[in-house]
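This report refers to the structure that appears directly beneath it.
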Amino acid sequence: MGKNIIITTSKVYPTRWRIAFPYAEISLSAPVNPPADSIVWLHNMLPGGTPPAGVHFVVMHDEPSDDKGLEALSLGASGYCNAHATPELLHTIESVIRSNGLWVGESLLNRLVGGIGVRSPMTGRHEQHPALQALTKREREIALCVARGESNKEITRNLNIAERTIKAHLTAIFEKLGVRDRLQLAILLNTSN
């Protein structure tokens, strides 16, 4: 497994970083040529350009916002998270990034998914997507809500079902359609076949 390299100007490192990544290098500046398969965690700073092949940037911010997250992603980051994330969440983020996934918070994810839905040639025709045939009626309803960029709370309100039920349905939807997450699901359903 590759290295974790944390770049911060902070003089005091949060214990949670050491718990999450006990062997991480912590430095004031990014290495010139980080080893392939490394994750460079940038604390309160943005990537300075496209990462070298096989290297991923994750921006950790003390006061995260959707706008800062979009800026980080536009500059080549593979992830954006709260710098105060728990060690368990940092491990989850690492796992997603090492699987070539993208990590963002729910609010930013819904903003990205909503943007896909607005610009999609499928707008207003999602119900006709052939992939939906593999789903149950309730799964189709939830998948279509996701394709429109709705959050779990909005789906809960609109369909009058518990959030944990939505999460269970989403797990089944992801498996049946061979997608990894909400973003991939939205892209699939917003692409004409």
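The values are calculated or read from the model by the stated rules, or taken from the named source; none is laboratory data. Here the structure is a predicted model, which means the values were calculated and not measured. Note that each Cβ is placed from the backbone with ideal geometry, even for glycine, and that neighbours are counted across all protein chains shown.
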Residue check for Gly76: exposed (fewer than 14 other Cβ atoms within 10 Å of the Cβ) and either farther than 18 Å from Leu90 by Cα or of a type in the set (Lys, Arg) (or both): no
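Of all residues in region 10-39 being touching a residue at least 40 places away in the same chain (Cβ under 8 Å) and surrounded by fewer than 16 Cβ atoms within 10 Å (Cβ to Cβ), which is farthest from the chain's Cα centre (by Cα)? So that I can check it myself, show each step before the final result.
Within region 10-39, the subset touching a residue at least 40 places away in the same chain (Cβ under 8 Å) is 14, 16-17, 19-21, 37, 39.
This time we only want the ones that are surrounded by fewer than 16 Cβ atoms within 10 Å (Cβ to Cβ), so: 19, 37.
Values: Ile19: 22, Asp37: 19 Å.
Per the criteria, the residue is Ile19.
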Unique residue being under 18 Å from Trp103 (Cα atoms) and modelled with pLDDT of 90 or more when the list is Thr171, Thr156, Thr136: Thr171
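Which residues, taken from region 162-176, are surrounded by fewer than 18 Cβ atoms within 10 Å (Cβ to Cβ) and in contact with a helix residue (DSSP H, G or I) (Cβ under 9 Å, 6 or more places away or on another chain)?
First, pick out the residues of region 162-176 that are surrounded by fewer than 18 Cβ atoms within 10 Å (Cβ to Cβ): 162-165, 167-168, 171-172, 174-176.
Residues satisfying the conditions are Ala162, Glu163, Thr165, Lys167, Ala172, Phe174, Lys176.
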Members of region 151-161 found to be among the charged types (D, E, K, R) and surrounded by 13 or more Cβ atoms within 10 Å (Cβ to Cβ), listed by number: Glu154
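What are the residues in region 89-107 that are assigned to a helix (DSSP H, G or I) and either in contact (Cβ under 8 Å) with a residue 60 or more places away in the chain or touching a Phe, Trp or Tyr at 6+ places or on another chain (Cβ under 7 Å) (or both), if any?
Taking region 89-107 first, the residues assigned to a helix (DSSP H, G or I) are 89-98, 106-107.
Hits for region 89-107 are Leu90, His91, Ile93, Glu94, Val96, Ile97, Arg98.
Any residue in region 62-84 that is touching a residue at least 60 places away in the same chain (Cβ under 8 Å) and not assigned by TED's automatic domain parsing to the domain that holds Leu183?
Here is the first cut: in region 62-84, the ones touching a residue at least 60 places away in the same chain (Cβ under 8 Å) are 83-84.
So of that shortlist, the ones also not assigned by TED's automatic domain parsing to the domain that holds Leu183 come out as 83-84.
Yes, region 62-84 contains at least one residue that is touching a residue at least 60 places away in the same chain (Cβ under 8 Å) and not assigned by TED's automatic domain parsing to the domain that holds Leu183.
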